[in-house]
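A short reminder: the numbers here are calculations on the coordinates, not readings from a lab. The structure presented is a predicted model; accordingly, all values stated were derived computationally and were not measured. With ideal geometry, Cβ positions are generated from the backbone for all residues, glycine too; neighbour counts draw on all protein chains shown.
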Amino acid sequence: MPGPLHGIRVVDLTAMVSGPMATAVLADQGADVIKVEPPGTGDLIRQIGCSRGELSAIFSTLNRNKRSLVLDLGQPRGLAVLRKLVARADVFAQNFRPGVAEQMGIGEPALRSVKPDLVYVSISGFGETGPYSRRRVYDIVIQALSGMAASQADPRTGVPELVRNIVADKATALVAAQAITAALFARERGAGGQHVRLAMLDATIAFLWPDVMQAHTYLGPGATPPASLAGFLSVRRTADGFMTIFAIADAEFAGLCRALDRPELALDERFRDTAGRMRHADALAAILDQTTRSRTTASWCERLAAEDVPHAPVNQLEALHEDEQVLANALLVEMEHPRAGRLRTPRPVARFDVTPATLRQPAPSLGEHGAELLRELGLPASEIDDLRAKRILG
Amino acid sequence: MSVPEGLFQGLKILELGAGAAGPVATRYFADQGATVVRVESGVRPDFLRLLHFRPGDPHGLNGGPMFVLMNPNKLSVAVNLSKPEGIEVALRLVGWADVVSENFSPRAMAKWGLEYQRLRELKPGLIMVSSCLFGQTGPQRMYPGFGGQGSAIAGFNHLAGWPDREAVGPSGTITDSLSPRYVALLIAAALFHRERTGEGQYIDVSQIETGVYSLSEAIVRASARGEVMTRRGNHAEDAAPHAIYPCAGPDRWIAIAVFSDEEWRRLCEALGAPGLARDPRFARAADRLVHEEALDAALVERTRALEPDALMHRLQAAGVEAGVVQTCADLLQDPQLAHRGHFVRLRHRHLGDLRFEHYGICFSESPRRLETPGPDLGEHNLRVLGSVGYDELEIRSLVEAGVLA
Amino acid sequence: MLDGIRILDLSEEPGFLAGKILGDLGADVVKLEPPGGDRFGRRGPYLGEVADPERSLRWLALNTSKRGITLALATPRGRELFGRLAARADVLLETAAPGALEALGLGWETLRAERPRLVWCSLTPFGRTGPYAGFRAHDLVLVAMGGNAALTGDPDRAPVRCTLPTSYYAAGPEAAAGIAMALYARERSGHGQLVDISMQECQLATLVTAPGQYSLSPQLRGRTGARLGGTREIWRAKDGDVSFGLRGGAARIPSLVATVAWMAEEEMAPAWLSELDWKNYNHNLLSAEEIARLEGAFSAFFATKTRRELFEQALARRIMLAPCNDSREILEQPQLRSRGLFTTLEYPEFGARIEHPDFFAKSSRGRIGIRRRAPRLGEHNAEIYGELGIDADGLRELASQGVI
C-alpha cells in the first residue's frame, strides 16, 4: 500500500534541518527523495551531536526513507547529472543562501527549463532580499530576531532566553512540507509548476504570533490587556517532582477545587469564570504552588484524573518511551540501522488509513545510492565508473 | 485399508437445539457414518421447520426446505423437555451417546437438569459441546440475538459493502456458517483426545468469539497501530486491478485480481489492449493503486461486452486470476462442483427431488455420503427409543402422555 | 487436545488460519518458509510503520503458536531434508497448486508409501482435480465463484466482498476439522489419508442452502444491500449502523413488541404501530406499503439514538438489535472482555505489545489458546534441524548453499 505521495520524486539539495525535516515528511509519506550531498563531508549535520557508526542521531532521524547521492556540482558533468535527475523529478528543494543556487547553475529559471512543471522550493534564513538576506543563519539567530527569545524571558528577571531546541528550523520545515504538498496539489489541478519560497524568520514570527503577539495584534486603544501567560505556562512543584495543572473551563475548575480539597477557592471572585482565571492566572498558579508540594506527583495525578482536571506529570526524556499513552499510540519504534545499530524513532505522526506512511529505509550513508541512481538514469556502467574515478560522483 | 463405511461409523451424537449453528456442525459426522439423533420439540419446533415458501404449506413442520436441506443423514425424536418424563428420555439418550451437542441459550440445559456436570456422572467419558451467540458466561450471555446480530457484533458487517453506504455484511449470517466448522473441529479434536486418553470434556463455544478470532488480523491492526479497518468495496490494499467488473448480460459480472506487473501485462494482452499495457499510469503495482479509478474505468470498457464464462477461461488460460460471479443457477451447473460431487439429488417424501450439498472436505479413505434427507419431526421415535431399551408399549404410552411430542 | 501432534505447515496465506487453529489447540506446528521468507504473506501494514517482513501485522496475527524454519524445496538437498522432516511429522498442511509438490517429487502419493500414517491436508482453491483445478484464485475470485458475492451488496452496484478474506476464514477451520477427523480415524485404522479441501466448496456453506432452495423454487435472489429478503436488516443509528431484523418468524416477535414498547415510552410510536397485532405477524404476508411504513417508523426512531444506547436497551429489554462493530469497538466490548477473549503478546525486539483474540472456545480439559507468538524467519532452524542431527556448522553450510 503506497503512501499518499507515492510517485512523487524530490531532488533535495537542502542540508541541516529546515529543509531535510521537510523532505523527511514527504519521504515518510511515500515520495522518492533523492538527497544530493556535496563531496567530502556531505550534509554537515552528519557530524553534529550524538553519533554511532559515523551517523549522527539527528541525521538518522531526519533522513530516513531517503537515498543519498554525492555530486560535485562544480564540475559540468556533475551538473549535467543533476539536470538529468531534475528532468524526471516533481520537486526540487534547496536551502542555500539567496544567490548561491543561481551561481551554481541550479537556480529556478535554469531548472525550470529542464522541467517546465517543476515545483521549485527555496528555503532561506531571512528572505531572498533585504538587509540580512545574504547573511549566514542558524536557529539561534532567528530565535533572537523573531521575538522567540524575548517571549521566553524569565518573568522575574526579564532576561531573554532561547528555547532549548532548534524550534525555528523545525517550524520552518513543517511549513515547507505543507507548502510543497499544496503546490503539488495545485499542479494536479492544472496550475502547472511554480516557485515556492519561504524564510525561517517569517515562519518563526508567524509561529509565535497568535498567542505571544496577542497584545500587539489589535492596533490602537480599546483592547483589554492580556493576562500574563507566565502563570498558565508554568510548572508546579510536587513532593517528588514536577507537573502541570490548569483549569480553564468551569467544570475543570470545580474539579480542581475538589481535587485540591480547597472548596473555598470555588467562591473566590477572581476565579469565577474562564476570563477571570486567565486574567488572574499568576495568582492561581501561586495558590496551586502552596498546595502541590504536600503530595507526590502520582498522588496528585490520581486525584486530578478522578475529577477530570487537565494535568500531566512532567515526563523526563529518558522515560518518554515508557509513558502508557505513548505506548498505546505505538509512536516510538525500535529498529536496526545497518551502520548505527539499534535505534528508537517516532513513526510518521499523521496516520493515513488508506495510504499509510511507512518507514521503508534507514537513513543513508554518504553517497550510498550513487551508482543505483545513475543506473536508473540510464547511464552505462563505464560512464558511472568514470565519473567516480574523476570524483564527480562521490 | 480404507474405511468405506465412514470415518465416524459407530459414533453416536445426540443433538439438541435449533437453527443452523448447531445442526450444521453435526452434519460433518453424519456424513461420515455417525448416528446423529436430533432431540426436537413439537411444542417449540426448530424455526427452520417453519420457514416455507408459501404460508399454510400442507406439510407443516415437515415441509420446511431449509430444515430438510440442512439435516440430511439425521434421525429425529420428539421429546417434550418441559415434562419430567421427557427429561428422563433425554437422560436415557445421553447414556447412549458419545457426544452431546447443543446450541440453546445458556441456562436452558441446566434448567432441564441436563448440564454437563450432571451428564458426566451418567457418562464419564462424555464429550459435550455448547454453542450459542455469546458463550455460557459473562454479563451479556443472555442477549437474545440471532446470527445476523452475531455477525454484526463480531465485526463482519462493518467490513463489507461500500465506504459511502451502510454496512451490508457478507451474505449469509457468517456466524451460522463459520462457527459450526469450529464446533465440528472441536468435536473431532475432543474425540481424538478421548481415543488417546479416555477423557471426555465440556466445550463452550461462543459464535461471536469464533468470528472475532477469525478476524484476528483486524484486531491486531487496531491494537498495534490504532487502525480501524473498514469496508472498501472490492479493492485490495496492495494489488490492482482487484475488483468485480460488469460483463454482457443482465447482472453478469467477473472478478479479476492482478498481483504482479507480469500478470498485468498478461491481462492486457489477453484483453487485446496493448495500449493499456503501455500506459505509464498503470505500469507498476503502486502506480496502479494510485490511479485505481482510471484503471477500473478502463477495464470496465473492455469487459462489459464480453460473455463472462468465456472471459474467465480465456484469462485463466493466460495465467490471470479471474472468476465468474456465480448465482445459484450457475453453481448448480458448475463443472468443478460436479466433479467434486458437491450436489447430491435425494428424494424427500414431501418436497420431492432436492439438491443437497456436501461440505468442503474430501477424505481419500472415506467417501462422503448423503443417504437420507432431513427427517420428519419425531420420525425415528420408535427406532431410536427402541435402541435405548424402550419397548413399543412404553413408547406408545409416552406418546399418549404427550412426552414424545 | 492435539498435544504431541507434529504438523509440518507449508501453507501460504489461505492456510495461515488452519495452522494457527491447530497450534492454538496444542499441536506442534512447524511452519516452513523459503529462505527469503513468504514475501506476500509478510506484507504490510507493519508494526511501527517500519517496512520489515518480520513486522507484518497479518503475519503476526495469523501465525501464532507456530515455530518457524526455512527450506528451499527446489534444491536436491532441500528435498532430502523435507523427506526427513515429513518422516517425523503426523500431518502435512499445504496450499500448493495441484501438481506443484508432485513435480518436485514431494507429493502425497510418494510420501504416503514411506509414511502410511501421514495425514496430508491439501488446501486449494477448487480441489486437487477437476476442470478448474488449475485455476488461480485468491479470495476475491473464490467469493465470486463460490456464490457469496452474487448475494452481497447493493442492487445498483457490483457484487461485493468483505475487506478481509472470508473465504480463507471459512477454509481454515474446515481444514483444521478435516485434519482432526483424519487423526481420529488414524487412531482406529492405523493409517493416514489425504484430506482434500476445496475453498470454493467451503464458500457454499455461507449460502445456507440457497442452491438447494433454488433447485426447488427457481427464483434468483438478487443483492439486497442493507435488506434481507424483502425487509431492512441494517439501519442507520445516530453514530453508525445497527443490525435489526423485521423477519424471522415467531422468535422475533417478542423483540419487535419490546421495541415498539420502548418507542411508545419515548412517544415515537405512531398509533397504528402501537395497535399492531404482533401475534399474527408474518413478514412474508406484508405488502410493500406495509413494509415501508414499518421501516419508516423504526428508521426514524433508531436515527435518534447512538448505537451504545440502542445496545444497552437491547440487553435490558431483550431486543434483537446489535451494533455493526468496528475493531476498536470489539476490543472494548464488555462481554468479550469479561470472557478474557483478548490476550497481550509481547514483542520485545520491537518494543511493542499487541492484543490478540486468544481463543475460539473454552474447554473443561484445559486451555485452548495462543501458545506463542508468530515465528521470525527461520527462528527455529537450529532446534528443528537439530532433531535431524544437523549442528551449527551444518546449518551455516546449508545457509551458504541457499538451502535454508
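For A:Lys115, which lysines qualify as cross-link partners when the Cα separation must be under 23 Å and same-chain residues fewer than eight apart are set aside?
The reachable lysines, counting only those whose Cα sits under 23 Å from A:Lys115, are A:Lys35, A:Lys66, A:Lys84.
How many percent of all Cα-Cα pairs in the range B:242-333 sit more than 21 Å apart?
Tail of the P(r) past 21 Å holds 26 percent of the pairs.
For the range A:320-329, what does the Karplus curve 6.51 cos²θ - 1.76 cosθ + 1.60, with θ = phi - 60°, yield as ³J(HN,Hα) per residue in whole Hz, taken in order and with x for Gly and Pro?
Result, ordered by residue: 3, 6, 9, 4, 5, 6, 4, 5, 4, 7 Hz.
Determine the gain in length on full extension of the stretch C:Asn282-C:Ala97; use 0.36 nm per residue of separation and subtract their C-alpha separation, reporting nm with one decimal.
Value of the extension gain: 61.7 nm.
Starting from the Cα of B:Ala310, step 7 Å along the direction of its Cβ; do the same at A:Glu376; then give the gap between the two resulting points in nm.
4.5 nm
Could you tell me which of A:Pro310, A:Ser294, A:Gly276 has its Cα farthest along the dipole of the range A:236-313 towards the positive end, charges placed at Cβ (Lys, Arg +1; Asp, Glu -1), taken about the Cα centre?
Value: A:Ser294.
Ranking request for peptides B:250-259, C:269-278, A:332-341, B:283-292: highest mean number of other beta-carbon atoms within 10 Å first, then the rest in descending order.
B:250-259, B:283-292, A:332-341, C:269-278
Counting each DSSP H run of 4 or more residues in chain B as -39500 (n - 2.57), what helix-only mean residue ellipticity at 222 nm follows after dividing by all residues, to the nearest 500 deg cm²/dmol?
The helix-only estimate for chain B comes to -11000 deg cm²/dmol at 222 nm.
Which value, in Å to one decimal place, does the Kirkwood hydrodynamic radius take for the range C:227-331 when every pair of different Cα atoms is included?
Details: mean 1/r = 0.0712 Å⁻¹.
It is 14.0 Å.
Under a 10 Å cutoff between Cα atoms, tell me which one of A:Leu377, A:Leu366, A:Leu69 has the largest fluctuation in the Gaussian network model of chain A.
So, out of A:Leu377, A:Leu366, A:Leu69, the one fluctuating most is A:Leu377.
Relative to the Cα centre, what is the charge dipole magnitude of the protein assembly as shown, using +1 at the beta carbon of each Lys and Arg, -1 at the beta carbon of each Asp and Glu, and rounding to the nearest 20 debye?
Computed charge dipole of the protein assembly as shown: roughly 880 debye.
Please list, or write none, the lysines whose alpha carbon is within less than 24 Å of the alpha carbon of C:Lys66, excluding same-chain residues fewer than 8 places away.
Filter leaves C:Lys20, C:Lys31, C:Lys362.
Rounding to the nearest 20 debye, state how big the charge dipole of chain C is about its Cα centre with +1 on each Lys and Arg Cβ and -1 on each Asp and Glu Cβ.
Working: 50 positive and 50 negative charges, 97 e Å.
Dipole size: approximately 460 debye.
Need the list of lysines near C:Lys238 for cross-linking: C-alpha distance under 21 angstrom, and skip anything on the same chain fewer than eight residues off.
The reachable lysines, counting only those whose Cα sits under 21 Å from C:Lys238, are C:Lys305.
Kindly state, to the nearest 0.05, the FRET efficiency for C:Ala399 paired with B:His339, given R0 = 45 Å and r defined as their beta-carbon distance. Don't jump to the answer; show the numbers that get you there.
Numbers: r = 43 Å, r/R0 = 0.96.
Efficiency, from the Cβ-Cβ distance: 0.55.
Once the dipole of chain A is set up with Lys and Arg at +1 and Asp and Glu at -1 on Cβ about the Cα centre, which of A:Phe126, A:Pro38, A:Ala230 lies farthest towards its positive end?
The Cα lying farthest towards the positive end belongs to A:Pro38.
Among B:Gly389, A:Gln29, C:Trp262, which residue has its Cα furthest toward the positive end of the charge dipole of the protein assembly as shown, with +1 on Lys/Arg Cβ and -1 on Asp/Glu Cβ?
A:Gln29
Whose amide H sits under 5 Å from the amide H of A:Ala153, counting only residues 5 or more places off or on another chain, with H placed in the peptide plane?
When sequence neighbours closer than 5 places are left aside, the close amide H contacts are A:Glu161.
Direction-averaged shadow area of the convex hull around the Cα atoms of the protein assembly as shown, nm²? Walk me through the intermediate numbers first.
Numbers: hull surface 222.3 nm².
Projected over every direction and averaged, the Cα hull of the protein assembly as shown covers 55.6 nm².
With all pairs of different alpha carbon atoms counted, what Kirkwood hydrodynamic radius in Å does chain C show?
Hydrodynamic radius (Kirkwood, Cα only) of chain C equals 24.4 Å.
Please list, in chain and number order, the residues 5+ apart from C:Leu228 or on another chain whose amide H is under 5 Å from its amide H, with Hs placed from the backbone.
C:Glu233
What dipole magnitude, in Debye to the nearest 20, does chain A give about its Cα centre under +1 on Lys/Arg Cβ and -1 on Asp/Glu Cβ?
Values: 44 positive and 45 negative charges, 240 e Å.
Using only the charged Cβ atoms, the result is roughly 1160 debye.
Take chain C, connect every pair of alpha-carbon atoms lying under 10 Å apart with a spring to form a Gaussian network, then pick out the residue of C:Ala171, C:Ala303, C:Ala87 with the largest mean-square fluctuation.
It is C:Ala303.
Scan around B:Asp46 for amide H atoms under 5 Å from its own, H built in the peptide plane at 1.01 Å from N, and keep only partners 5 or more places away or cross-chain.
Under 5 Å from the amide H of B:Asp46: B:Ser41.
In whole Hz, with x marking every Gly and Pro, tabulate ³J(HN,Hα) for the range C:213-222 from phi via Karplus 6.51 cos²θ - 1.76 cosθ + 1.60, θ = phi - 60°.
Taking θ as phi minus 60°, the curve returns 5, 4, 5, 7, 9, x, 10, 6, 7, x Hz for the range C:213-222.
Taking θ = phi - 60°, what integer Hz values does the Karplus form 6.51 cos²θ - 1.76 cosθ + 1.60 yield along the range A:91-104, in sequence order, with x for Gly and Pro?
So the Karplus estimates, Gly and Pro as x, are 10, 10, 10, 9, 10, 6, 5, x, x, 5, 4, 4, 4, 6 Hz.
What's the FRET efficiency of C:Glu312 with C:Glu346 using the Cβ-Cβ distance as r and R₀ = 45 Å, to the nearest 0.05? Walk me through the numbers before you get to the answer.
Values: r = 35 Å, r/R0 = 0.77.
After rounding to 0.05, the efficiency reads 0.85.
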